[in-house]
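A short write-up of the structure that comes next.
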Amino acid sequence: MSSGLLPKLPLAEWVEAVVDWLTTHVEWLFNFVTSVIEPTVSFFTDVLMFFPPLVTIVIIALLAWWLSNWRIATFTLVGLLLIENLGYWEPSMETTALVLAATVISVIVGVPIGILCGKSDGARNIVTPVLDFMQTMPSFVYLIPAVIFFSLGTVPGVIASVVFSMPPTIRLTSLGIRQVPKELVEASDAFGSTSAQKLFKLQLPLAKTTIMAGINQTIMLALSMVVIASMIGAKGLGQDVLTAVQRIQVGQGFEAGLAIVIIAIVLDRVTQSVGQRSKNGKTKNGKK
């Protein structure tokens, strides 16, 4: 029923027909995606849970020190010790595994698309509206097709996180490629470089800082989907937050939320430091 002069378009029926067709004819693709995502999440979970918590905390703190500085390493050590003390170590590692899996998939898919958009105006004009749609669509909407195609559990949570968090990687990879000075590209062509040589030895190294900024944003967006993904069965801290909301347990909700904040700060600062180090290294090389 339409309130206007024209009859209402059966958009909902069209979308449902497409979903039914995909469910019937492309089930093999969804099974393949599930067979890729489940082992990926399990791998990260097994790695993070392989050692006792205290050993893992020390290893992560040392890794943060190596990638950034002692301040971030100290915060990482204290923050993770607090998470372990509060009893949220296992769900924190499950959340981290989900975020890492979503980030890896976003990078594997997003960086090549970003490179294509950086090299081709036509590809950018096609992909940009899709990215705009992905970023403006409410994140809850992603849960509906994810559940239909992949049932409940971690897999639809990762899929929803990838769709929601991948656009920054594509956008900033494209931007980084386009920001490479044309003079350097022309000089590379003049010396007879192939497309692969020009990409891997010139464009990607110079665009590394911008690409890392995109990956940083992707990690943050994937982490922001943790609580939402828990609504469809994804494990981790999101389940504790959701349970606290349902039962109005303010204390438990604060503790689980604090654990999410600590993980977010650690991931954000470490990836920012990696990107800044790349920028400083590039500057020093430029001076040389």
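Structural remarks
- In this entry, Ile60 is excluded by the filter for residues that are closer than 30 Å to Ser195 by Cβ and in a helix (DSSP H, G or I).
- Of the helices (runs of 4 or more DSSP H) lying entirely inside segment 181-288, the ones with 2 or more residues being surrounded by fewer than 21 Cβ atoms within 10 Å (Cβ to Cβ) and modelled with pLDDT under 90 are found at 182-190, 195-198, 204-224, 237-247, 250-287.
- Taking segment 18-67 as the range and being under 21 Å from Thr154 (Cβ atoms), open to solvent by 70 Å² or more (accessible area, probe 1.4 Å) and either touching a Cys at 6+ places or on another chain (Cβ under 9 Å) or among the hydrophobic types (A, V, I, L, M, F, W, C) (or both) as the test, the residues that pass are Trp28, Phe32, Phe43, Val47, Met49, Phe50.
- Among the candidates Ile108, Ile148, the residue that is at pLDDT 90 or above, out of contact with any Lys or Arg (no Cβ under 8 Å at 6 or more places or on another chain) and open to solvent by 30 Å² or more (accessible area, probe 1.4 Å) is uniquely Ile108.
- Of all residues in segment 130-145, those that are of a type in the set (D, E, K, R) have Cβ atoms under 9 Å from Cβ atoms of residues that are open to solvent by less than 80 Å² (accessible area, probe 1.4 Å) and assigned to a helix (DSSP H, G or I), 6 or more apart or on another chain, in Asp132/Pro167.
- When we screen Ala102, Ala17, Ala12 for residues that are assigned to a helix (DSSP H, G or I) and touching a residue at least 12 places away in the same chain (Cβ under 8 Å), the only hit is Ala102.
The values are calculated or read from the model by the stated rules, or taken from the named source; none is laboratory data. Keep in mind that what you see is a predicted model, and the values were worked out from it rather than measured. Cβ: placed from backbone, ideal geometry, glycine included. Neighbour counts: every protein chain shown. Surface areas here come from the heavy atoms of the whole protein model, side chains and all, with no ligands, DNA or RNA. Shrake-Rupley method; radii C 1.70, N 1.55, O 1.52, S 1.80 Å.
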